[in-house]
Amino acid sequence: MLDIYTLGEDVLREECSDIKEFDESLKILADAMIDTLEEADGVGLAGPQVGVSKKIFVVHIRGSEPMVFINPSIVGTSIETGVYEEGCLSIPGVYHDVIRPVGVTIQAQDLNGKPFTIQADGLLARVIQHENDHLHGKLYIDHLEERERERVVRSYEKKNKIRRKQKVRV
Ligand code: NI
C-alpha cells in the first residue's frame, strides 16, 4: 500500500515528467498503484497522488482488467459533453458534478514502452480525463466555478477536521 497524498500537497500541483525507463521498478510502481487503488475502492489513481511526479496513471473499472497508462496524451475529444459526479482519492469525502467531453481518444505507452491508442466513452472516458489532469497538476475542482470550488474545499476541510477529532478520541 502506498500513501495517498491529499489536497494541499505540492506534488498534486506539479507538471509531471515523462517516464523514460521501462524497467522492473516501473512495473513494481504500477502494481503498487493498482493495489492501492483497489484498497481505497477507487476507479483511478495517478502518480502524483502517491507522491510520484511522473506521467503514469492506473484505471480499474469493476468488471474489467486494470489498465496502466504511461506518458499519456489525449489526442481527441468529443464535441458532446456530459455531467458526472466526480470525487477524488486526494480530496476524500466530497463529490461534485463536472462537465467534460463524453468521449476521448488517448495515446499512451504500456509497461514495456509499447504505444497504444484507445477510444473511450462513458465512465472510462471520464476516468481517463480525470487522471490525465492529475499529470498536469490539475484537479477536478479546477473545472468548477470559483464559488462552487470554494464550497467543495470548505466541505472537504470540515469533514477532514471531523475525521481528525474522531481519530484523537480513538
Ligand atoms: Ni483524482
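The values are calculated or read from the model by the stated rules, or taken from the named source; none is laboratory data. Computed from a prediction, not measured in an experiment: that's the story for all the values here. Backbone-built Cβ (ideal geometry, glycine too); neighbour counts: all protein chains shown. For accessibility, only protein heavy atoms count, side chains too; no ligands or nucleic acids. Shrake-Rupley method; radii C 1.70, N 1.55, O 1.52, S 1.80 Å.
Just wondering, is there one or more residues in segment 138-155 that are open to solvent by less than 30 Å² (accessible area, probe 1.4 Å) and part of a strand (DSSP E or B)?
Our first condition is that a residue be open to solvent by less than 30 Å² (accessible area, probe 1.4 Å); within segment 138-155, this holds for 139-141, 144, 152.
Cutting the leftovers down to part of a strand (DSSP E or B) gives us none.
No, because not a single residue in segment 138-155 is open to solvent by less than 30 Å² (accessible area, probe 1.4 Å) and part of a strand (DSSP E or B).
Note on segment 69-90: residues that are open to solvent by 20 Å² or more (accessible area, probe 1.4 Å) and either within 16 Å of the ligand (Cβ to nearest atom) or among the charged types (D, E, K, R) (or both) amount to 6.
Listed conditions (1) within 19 Å of residue 122 (Cα to Cα); (2) open to solvent by 50 Å² or more (accessible area, probe 1.4 Å); (3) not hydroxyl-bearing (Ser, Thr, Tyr) are all met by residue 28, apart from (1). Quick check on segment 126-139. Is at least one of its residues over 25 Å from residue 33 (Cβ atoms) and in contact (Cβ under 8 Å) with a residue 24 or more places away in the chain? No, every residue in segment 126-139 fails to be over 25 Å from residue 33 (Cβ atoms) and in contact (Cβ under 8 Å) with a residue 24 or more places away in the chain. Within segment 72-124, the set of residues being among the aromatic types (Phe, Trp, Tyr) and in contact (Cβ under 8 Å) with a residue 24 or more places away in the chain comprises just one member, 84.
Might you let me know whether segment 55-62 holds any residue that is open to solvent by 50 Å² or more (accessible area, probe 1.4 Å) and modelled with pLDDT under 95? Outline the logic, then answer.
Going through segment 55-62, the residues open to solvent by 50 Å² or more (accessible area, probe 1.4 Å) turn out to be 62.
Checking the rest, the ones that are also modelled with pLDDT under 95 come to 62.
Yes, segment 55-62 has at least one match.
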